[in-house]
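Following: one structure in structure tokens, then a few remarks.
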Amino acid sequence: MKIIMLGAPGAGKGTQAKKIAEKYGIPHISTGDIFRANIKNGTELGKKAKTYMDQGLLVPDELVVDLVVDRVQQADCEKGYVLDGFPRTIPQAESLDEALAKLGDKVDFAINVEVPDENIINRMGGRRACVGCGATYHVVFNAPKVEDVCDTCGEKLILRDDDKPETVKKRLDVYHEQTQPLIDYYKKAGVLKEVDGTVAMEEVFQAIVQVLGA
Ligand code: ADP
Ligand code: ADP
Ligand code: ZN
């Protein structure tokens with residue numbers, strides 16, 4: 001089962017992707033998490049990616065495509081995977097399709113988690129990310145047991161720099177311009193599934209499970 005998560009920044013792609021990965025026993029591949037791990041480890045890729053991420057811009061396609069194409073060919077991806085945050089541009093989607101076609105493969109589901117822009121700014125202001133394991137919380141909708149402490153690993157929770165309102169606005173513009181066209185792209189490919197992302201997390205997940213048919 002090869003699944004792609006589509007949706008605005010803060011729509012809940014990561015939250016749902018983790019639940020899908022757990023239920024179906026497939027890896028959750030988040031390009032945002034991969035970049036943040038590279039930034040934390042001070043790699044060359046991390047240094048390059050950070051200059052774009054801090055401005056709310058997309059990292060150039062050439063820095064992300066090979067990385068994902070390599071990742072999906074690793075042994076743990078044989079049964080499938082859930083891609084979160086990739087593709088984000090039409091050229092990225094085309095590169096993925098080409099690479100999969102060479103392997104005799106294709107995307108099975110593109111799940112669009114629909115949340116209007118008005119809801120996004122509030123969601124992002126309340127998002128907290130763990131500096132240790134990358135787990136995501138929300139101060140109201142998914143609060144940790146102890147304020148600002150990760151339930152899983154005990155490390156500190158922070159507001160991501162790019163989740164501050166100015167950068168979120170920029171990221172939404174970038175989303176509408178560069179990523180939203182993917183909805184049509186996957187509709188044409190016959191694999192698009194839309195779910196309402198404004199309802200409670202568990203309800204969104206139930207809708208996704210229905211779509212995936214298991
Ligand atoms: P969110 O979960 O809020 O949508 P991500 O964690 O997926 O954000 O991404 C954070 C940032 O990492 C993006 O704003 C962008 O700069 C960069 N990024 C992540 N994935 C990609 C991608 N596929 N192409 C280009 N840039 C990306
Ligand atoms: P994305 O990966 O699309 O950027 P996240 O999964 O990180 O989005 O979710 C963004 C924020 O909104 C997080 O703080 C998360 O806990 C919260 N969130 C996710 N889904 C919901 C929901 N259905 N209702 C309310 N808050 C949500
Ligand atoms: Zn943690």
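The values are calculated or read from the model by the stated rules, or taken from the named source; none is laboratory data. Remember, predicted model here, so these are calculated numbers, not experimental data. Note: ideal-geometry Cβ built from the backbone for every residue, glycine included; neighbour counts use all protein chains shown.
Tell me, please, whether a residue that is closer than 29 Å to Y24 by Cβ, under 18 Å from the mean Cα position of the chain (by Cα) and among the charged types (D, E, K, R) can be found in the range 76-89.
yes
Could you list, in sequence order, all residues of the range 1-52 that are over 10 Å from the mean Cα position of the chain (by Cα) and crowded, with 22+ Cβ neighbours inside 10 Å?
Scanning the range 1-52 gives I3, I20, F35, A49.
Can you go through A135, A99 and tell me which one is of a type in the set (G, A, S), modelled with pLDDT of 95 or more, within 15 Å of ligand 1 (Cβ to nearest atom) and surrounded by 14 or more Cβ atoms within 10 Å (Cβ to Cβ)?
A99 is the lone residue from the list that is of a type in the set (G, A, S), modelled with pLDDT of 95 or more, within 15 Å of ligand 1 (Cβ to nearest atom) and surrounded by 14 or more Cβ atoms within 10 Å (Cβ to Cβ).
Quick test for you: out of D84, D61, pick the one residue that is surrounded by fewer than 18 Cβ atoms within 10 Å (Cβ to Cβ) and within 27 Å of M1 (Cβ to Cβ).
D61
Tell me the strands (runs of 3 or more DSSP E) entirely within the range 1-118 that contain at least 1 residues that are polar (S, T, N, Q).
Answer list for the range 1-118: 28-30, 109-114.
Identify, from the list R88, R71, the residue that is more than 10 Å from ligand 1 (Cβ to nearest atom) and of a type outside the set (V, I, T). Even if it seems obvious, please write down each step before you answer.
Details: R88 fails: more than 10 Å from ligand 1 (Cβ to nearest atom).
None of the others qualify; the one that does is R71.
Any idea which residue in the range 96-154 is farthest from L172 (Cα to Cα), counting only those that are among the basic types (K, R) and touching a residue at least 12 places away in the same chain (Cβ under 8 Å)? Show your work before the answer.
From the range 96-154, those among the basic types (K, R) are 102, 106, 123, 127-128, 145; that's our starting set.
Checking the rest, the ones that are also touching a residue at least 12 places away in the same chain (Cβ under 8 Å) come to 106, 123, 127-128.
Values: K106: 28, R123: 13, R127: 16, R128: 19 Å.
Taking the candidates together, the pick is K106.
Name the residue, out of D70, D76, that is free of Cβ contacts under 8 Å to residues at least 12 places away in the same chain and surrounded by fewer than 19 Cβ atoms within 10 Å (Cβ to Cβ). It would help to see each step written out before you state the result.
Working: D76 fails: free of Cβ contacts under 8 Å to residues at least 12 places away in the same chain.
Criteria check complete, one pass: D70.
When you look at T167, is it more than 22 Å from E194 (Cα to Cα), in contact (Cβ under 8 Å) with a residue 60 or more places away in the chain, surrounded by 18 or more Cβ atoms within 10 Å (Cβ to Cβ) and more than 12 Å from ligand 2 (Cβ to nearest atom), yes or no?
Yes.
Would you mind listing the helices (runs of 4 or more DSSP H) fully within the range 141-214 where at least 3 residues are out of contact with any Lys or Arg (no Cβ under 8 Å at 6 or more places or on another chain) and among the β-branched types (V, I, T)?
Filter on the range 141-214 gives 165-174.
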